[in-house]
Every structure is written in C-alpha cells, then in structure tokens.
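S.K.: So that we are looking at the same thing, I have put the structure below in structure tokens.
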Amino acid sequence: MLKNRSVIFAAVALTVSSLGHAQAPASAMHIAQALTSRKEPPTRAARSSEVKVRVLLLTDTKQFKNEEEYIEVGGVRYIHFSSPRLKARGRPLEEPNLRYPTGELSQKNGAVVLQLLISEQGVLEQADVVCAAPPFERSARESVAGLRFQPALAKEGPVKSYMLVEFGYGKGLPCGRIPD
C-alpha cells in the first residue's frame, strides 16, 4: 500500500510540475490523498458505454440542497460556473479521462456527484464528493484529476468558481447525499 501511495504521489508531482502552477501541488496532493484513503478497487480506462458525464446547472442542484449561486469553502468564496452574474461560464478545456473500477463490484450501477472548485487560473483546486455509490467514488475522482479549465469570467476578470459534475456508471442510478 505504501509503495502504491508513493507511486501516486510521484505521478501527481510529475503532472503538477509539468503544469507549472503554484497552487496546483496542494490541490493535486489533496486529490491523491483522497484517492488512497479508502479501500476501493483499482481503476482502468472506461469504455464510452460504461460512464455518462453530466454537468449540473444551477437549476439542477436543488436535489443536493446546493442551489446557491455562491458557496464558501475554507473562507474562500466561489460562484457557480453558470451564474447569470458572469460574463462567461467556466468550462473544462478537455474531456475528463474517464475511469472505471476493476475487479468484482458489489453493484454494477450507481452515480457519483463531485463538487469541483476551480481557481481564477483554471486549476482544479479541490474535488469533493457530494454523493456517491461506494464502488465508483475513486473512479470519479481519478476522472477529474489534472483537469484544466477556462475560468469563469466576471466584469472584473477571472473569478473562482464551482461546478457539480455527475458521473453515471452502468444505468447511473441516483446517489444519496453524503451525511455531514
């Protein structure tokens, strides 16, 4: 386990150093630590039929009790990427590298909703699980690790933003909210 964790941290550090962003190391380490903190099956590249991805707009977020235009995380304020107050929406610059768990799964269908916190420079600062079907959480987190974004744009320039992204595995049954 320790060897695997070291390999993941080394890969994250290599990815981060190639990006050359000052804020990225803590974010990448946060994601890598979350990936190794649970006993979940390893992942592989997903086939297109196995995973469907949907970005939730502000009107879609009521089911997660998060229809707020702004959220505050760690004393930092983020605006929803599709807020009507923005001049331009934030968006990913590439498709996520979709992942799927390997091995024997306790369930074949499920969903994961991640809340992505994006910096003014378009760096993924944090990926928090809003709800998840347990065998798919790691796959969803790995799918977004290293993603770069076109930052959301307000009148004064680029701003920190957040988005909720749903990953549907198999039939993509809805997931429940993770208790606080």
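The values are calculated or read from the model by the stated rules, or taken from the named source; none is laboratory data. What you see is a predicted model, and the numbers here were worked out from it, not measured in a lab. Glycine also receives a Cβ, built like all others from the backbone with ideal geometry; neighbour counts cover every protein chain displayed. We work out accessible area using only protein heavy atoms, side chains counted, and drop any ligands, DNA or RNA first. Shrake-Rupley method; radii C 1.70, N 1.55, O 1.52, S 1.80 Å.
S.K.: Being charged (D, E, K, R) and in a loop (DSSP other than H, G, I, E, B) is the filter; apply it to region 93-115 and report the residue that is least open to solvent (accessible area, probe 1.4 Å).
M.R.: 94
S.K.: Checking residue 90 against (1) closer than 27 Å to residue 154 by Cα; (2) open to solvent by 70 Å² or more (accessible area, probe 1.4 Å); (3) out of contact with any Leu (no Cβ under 6 Å at 6 or more places or on another chain); (4) modelled with pLDDT of 90 or more, which single condition isn't satisfied?
M.R.: Every condition holds for residue 90 apart from (2).
S.K.: Please list, ordered by first then second residue, the pairs with beta carbon atoms under 8 Å, 6 or more apart or interchain, first in region 90-119 and under 15 Å from residue 173 (Cβ atoms), second among the polar types (S, T, N, Q) and open to solvent by less than 40 Å² (accessible area, probe 1.4 Å).
M.R.: Once the first residue is under 15 Å from residue 173 (Cβ atoms) and sits in region 90-119, its partners that are among the polar types (S, T, N, Q) and open to solvent by less than 40 Å² (accessible area, probe 1.4 Å) give 112/139.
S.K.: To continue, here is another question. Any residue in region 42-54 that is open to solvent by less than 30 Å² (accessible area, probe 1.4 Å) sitting within a Cβ distance under 8 Å of a residue that is modelled with pLDDT under 90? List the pairs, counting only those 6 or more apart or interchain.
M.R.: What qualifies is 43/102; 50/170.
S.K.: Another question, if that's okay. List every residue pair whose Cβ atoms lie under 7 Å apart, where the two residues are 6 or more positions apart in sequence or sit on different chains, the first residue falls within region 63-79 and is loosely packed, with under 14 Cβ neighbours inside 10 Å, and the second residue, located anywhere, is modelled with pLDDT under 65.
M.R.: Taking only residues 6 or more apart or on different chains, the pairs are 67/61.
S.K.: Something else now. Can residue 140 be described as in contact (Cβ under 8 Å) with a residue 24 or more places away in the chain, part of a strand (DSSP E or B) and either surrounded by 21 or more Cβ atoms within 10 Å (Cβ to Cβ) or touching a Cys at 6+ places or on another chain (Cβ under 7 Å) (or both)?
M.R.: No; evaluated as a whole, the condition is false for this residue.
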